[in-house]
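Working notes, beginning with the structure itself.
The values are calculated or read from the model by the stated rules, or taken from the named source; none is laboratory data. Keep in mind that what you see is a predicted model, and the values were worked out from it rather than measured. Heads up, the Cβs are rebuilt from the backbone with ideal geometry, glycines too, and the neighbour counts pull from every protein chain shown. Side chains included, ligands, DNA and RNA excluded: accessible areas come from the protein's heavy atoms. Shrake-Rupley method; radii C 1.70, N 1.55, O 1.52, S 1.80 Å.
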Amino acid sequence: MFIRDLFGKNGPVVSFEVFPPKADAPVEGVYRTIEALKDLSPGFISVTYGAGGSSRDRTVEIAARIRNGYGIEALAHLTCRSHTAGEIDDICEELLDEGVQNILALRGDPQPGDATDRKRDFAYACDLVRHLRRNHFGNFCIGAAAYPEGHIECQDIDKDLDFLKLKVEAGAEFLITQLFFDNELFYRFRDEARRRGITVPIVAGIFPVLNAAQVQKIVSLCGVSLPPRFTRIIARYANSPAALAEAGVAYATDQIVDLLAAGVDGIHLYTMNRPETTRRIMGNIDQIRKTASPEGREKG
Ligand code: FAD
């Protein structure tokens, strides 16, 4: 099934992201995560991709298992910066052979081993989206990434939105955002995207914080802003891991409750392969989701 067909039917689409274990770690760990999440009936589960191509086999294998073993729609992330067009076509064939019909088309971050002397087939994600449309038309539903506060490399959020529009015009059929901790910034971004004629579903990426070290890493990698309400929580509970994890669940729940009330198209939970946190959050929003769905509204 194409993910684009999930939107606008039974209320906001809730989905999860998992990542493949490192090459030297057993792959079973991620299956335990999916096993623990499957009865929550997510709209889809996405699997990340190592930008250098390191997790290529595992991403295809895990996406195939999500779809064919667990009967859940799979979204395979695919980064293009370190690949030739031929390599991308090979991966598409592998996905197609496994019946995986959804790709999140990404550029990926520069990798230390990236060849600088070879011809680069793809400079930006929009080039990958265009390539997938041209060479694999009809086989895949294509999603792309979006950045409510602008991508970290882009100094001008207006330009970032212009590039996002190009990506959608090239064929991206839905967008998943980078994590954010301030919903108001998401709403501002969504309004601006709509004003520019970006009409595809925009799924909000939500990251439940588990420890203080994660927050530092996120800020340096993604440049997201931390609202005072959030930094107060981190400062107060930084040395008390159990309390901080609890507060992280509460904060993410609070964000989602607000997003559902604001009519978000979907919620994508970054699970960090920690199913218990995801289960807690899903339990917290269960009744609210039912009410937010068209069926629930009729009953209510
Ligand atoms: P692009 O859309 O190409 O944008 C990259 C930068 O180039 C931006 O600053 C943009 O403003 C600029 N730009 C875009 N188009 C143009 C143009 N035509 N001309 C000039 N400038 C342009 N990384 C991984 O390695 N693996 C993953 O699995 C993965 N999953 C992700 C999932 C989500 C939901 C998100 C939000 C990010 C994910 N990333 C992943 C991170 C992503 O690869 C990085 O953020 C990367 O730096 C940008 O990727 P992109 O696809 O957004 O790139």
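Filtering segment 92-111 to residues that are in contact with a helix residue (DSSP H, G or I) (Cβ under 9 Å, 6 or more places away or on another chain) and closer than 16 Å to Asp127 by Cα leaves Cys92, Ile103, Ala105, Leu106, Arg107, Gly108, Asp109.
Of the helices (runs of 4 or more DSSP H) contained entirely in segment 1-116, those carrying at least 2 residues that are within 30 Å of Val257 (Cβ to Cβ) and open to solvent by 60 Å² or more (accessible area, probe 1.4 Å) fall at 28-37.
Checking the conditions here, which among Pro208, Pro228, Pro241 is closer than 22 Å to Val47 by Cα and either open to solvent by 40 Å² or more (accessible area, probe 1.4 Å) or not aliphatic (A, V, I, L, M) (or both)?
Numbers: Pro228 fails: closer than 22 Å to Val47 by Cα; Pro241 fails: closer than 22 Å to Val47 by Cα.
Every option except Pro208 fails the conditions.
Any residue at all in segment 187-205 that's under 30 Å from Asn102 (Cβ atoms), more than 15 Å from the ligand (Cβ to nearest atom), surrounded by 15 or more Cβ atoms within 10 Å (Cβ to Cβ) and of a type outside the set (Asp, Glu)? Looking through segment 187-205, at least one residue is under 30 Å from Asn102 (Cβ atoms), more than 15 Å from the ligand (Cβ to nearest atom), surrounded by 15 or more Cβ atoms within 10 Å (Cβ to Cβ) and of a type outside the set (Asp, Glu). Which residue pairs have Cβ atoms closer than 9 Å, lie 6 or more positions apart in sequence or on different chains, and pair a first residue in segment 7-20 that is over 18 Å from Thr278 (Cβ atoms) with a second residue that is acidic (Asp, Glu) and surrounded by fewer than 22 Cβ atoms within 10 Å (Cβ to Cβ)? Qualifying pairs under 9 Å: Phe7/Asp265; Gly8/Asp265; Asn10/Glu295; Gly11/Glu295.
Checking each residue in segment 133-179 for being near the ligand (Cβ under 6 Å from one of its atoms) and part of a loop (DSSP other than H, G, I, E, B) picks out His151, Glu153, Cys154, Gln178. In the condition set (1) more than 16 Å from the ligand (Cβ to nearest atom); (2) free of Cβ contacts under 8 Å to residues at least 40 places away in the same chain; (3) open to solvent by less than 20 Å² (accessible area, probe 1.4 Å), Ile218 is compliant with all but (1).
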